[in-house]
Amino acid sequence: MATVTLKGNPVNLEGNEVNVGDKAPEATVVTTDLAEKQVGGAQDKVQMIVVVPSLDTPVCATETRKFNEEASNIEGVDVTVVSMDLPFASKRFCSTEGVENLTVASDYRNRDFGEKYGVVIAEGPLKGILARAIFIIDKNGNVVYKQLVPEITEEPNYEEALEAAKKAAAA
């Protein structure tokens with residue numbers, strides 16, 4: 001079981017921890033138009049899965065806007081932001097913030113993404129939502145990059161994640 005911190009306090013995560021070199025589990029998330037989308041597994045493109053606790057927080061909003069700006073610059077990479085937010089709230093966020101270069105999706109319906117990737121917060125005030133993480137999955141369905149952000153309230157290393165996505169797309 002992985003551990004991160006929330007404002008310096010340790011928080012355990014639950015689910016199946018996925019690491020670089022593992023096969024990326026397939027999971028179904030729900031997009032802002034209530035359609036289902038498969039993430040993980042082998043697809044005809046590289047996948048970047050950006051996991052955030054909630055779009056209603058400043059750090060998650062900033063992170064989603066940043067990846068939206070950068071997503072259009074990465075040829076051959078499908079970017080999906082996953083949270084537990086309801087699709088209605090996600091749709092409002094995307095409309096308000098002009099997010100249109102990536103897919104924003106929710107794990108609320110099946111709750112299988114968080115479990116399959118080991119990013120469900122297991123305790124404390126955020127219990128049941130997702131920790132902040134980034135997974136890059138190559139066309140063969142292998143996890144080639146993982147960033148589990150150690151402190152939930154901090155932004156990820158954008159440059160490192162974007163470089164990993166570009167490298168995977170070029171392979």
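The values are calculated or read from the model by the stated rules, or taken from the named source; none is laboratory data. The structure displayed is predicted, hence computed values, not measured ones. Counting neighbours? That spans all protein chains shown, and the Cβs are built from the backbone with ideal geometry, glycine included. Just the protein is used for accessible areas: all its heavy atoms, side chains included, with ligands, DNA and RNA removed. Shrake-Rupley method; radii C 1.70, N 1.55, O 1.52, S 1.80 Å.
Among the residues of the range 36-56, those that are outside any strand (DSSP E or B), surrounded by fewer than 17 Cβ atoms within 10 Å (Cβ to Cβ) and out of contact with any helix residue (DSSP H, G or I) (no Cβ under 9 Å at 6 or more places or on another chain) comprise GLY41, ALA42, ASP44. Scanning the range 110-129 for residues that are within 13 Å of LEU148 (Cα to Cα) and outside any loop (DSSP other than H, G, I, E, B) yields a count of 4.
Annotation note: Cβ proximity below 8 Å between a residue of the range 29-57 that is acidic (Asp, Glu) and a residue that is open to solvent by less than 10 Å² (accessible area, probe 1.4 Å) (sequence gap 6+ or interchain) occurs for ASP33/PRO87; GLU36/VAL29; GLU36/VAL30.
Answer yes if at least one residue in the range 113-122 is more than 15 Å from ALA2 (Cβ to Cβ) and open to solvent by 70 Å² or more (accessible area, probe 1.4 Å), and no otherwise. Reasoning before the result, please.
Initially, the range 113-122 is screened for residues more than 15 Å from ALA2 (Cβ to Cβ), giving 113.
If we keep only those that are open to solvent by 70 Å² or more (accessible area, probe 1.4 Å) as well, we get none.
No, the range 113-122 contains no residue that is more than 15 Å from ALA2 (Cβ to Cβ) and open to solvent by 70 Å² or more (accessible area, probe 1.4 Å).
Residues in the range 57-103 that are part of a helix (DSSP H, G or I) and aliphatic (A, V, I, L, M): VAL59, ALA61, ALA71, ALA89.
The residues in the range 82-125 that are more than 11 Å from THR31 (Cα to Cα) and of a type in the set (Lys, Arg) can be counted, and the count is 3.
Restricting to the range 8-21, name every residue that is within 17 Å of the chain's Cα centre (by Cα) and open to solvent by 60 Å² or more (accessible area, probe 1.4 Å).
Those that are within 17 Å of the chain's Cα centre (by Cα) and open to solvent by 60 Å² or more (accessible area, probe 1.4 Å): GLU14, ASN16, GLU17, ASN19, VAL20.
Of the residues examined, PRO58 is not one that is at pLDDT 95 or above and not small (Gly, Ala, Ser).
Considering the range 124-140, the residues that are farther than 11 Å from VAL4 by Cβ, open to solvent by 40 Å² or more (accessible area, probe 1.4 Å) and of a type outside the set (Lys, Arg) include one that is modelled with the lowest pLDDT, namely PRO125. Residues of the range 60-110 being touching a residue at least 40 places away in the same chain (Cβ under 8 Å), open to solvent by 70 Å² or more (accessible area, probe 1.4 Å) and of a type in the set (Lys, Arg), which ones? Residues satisfying the conditions are LYS91, ARG109.
For the range 130-146, enumerate the residues that are assigned to a strand (DSSP E or B) and among the small types (Gly, Ala, Ser). ALA133, the sole residue that qualifies.
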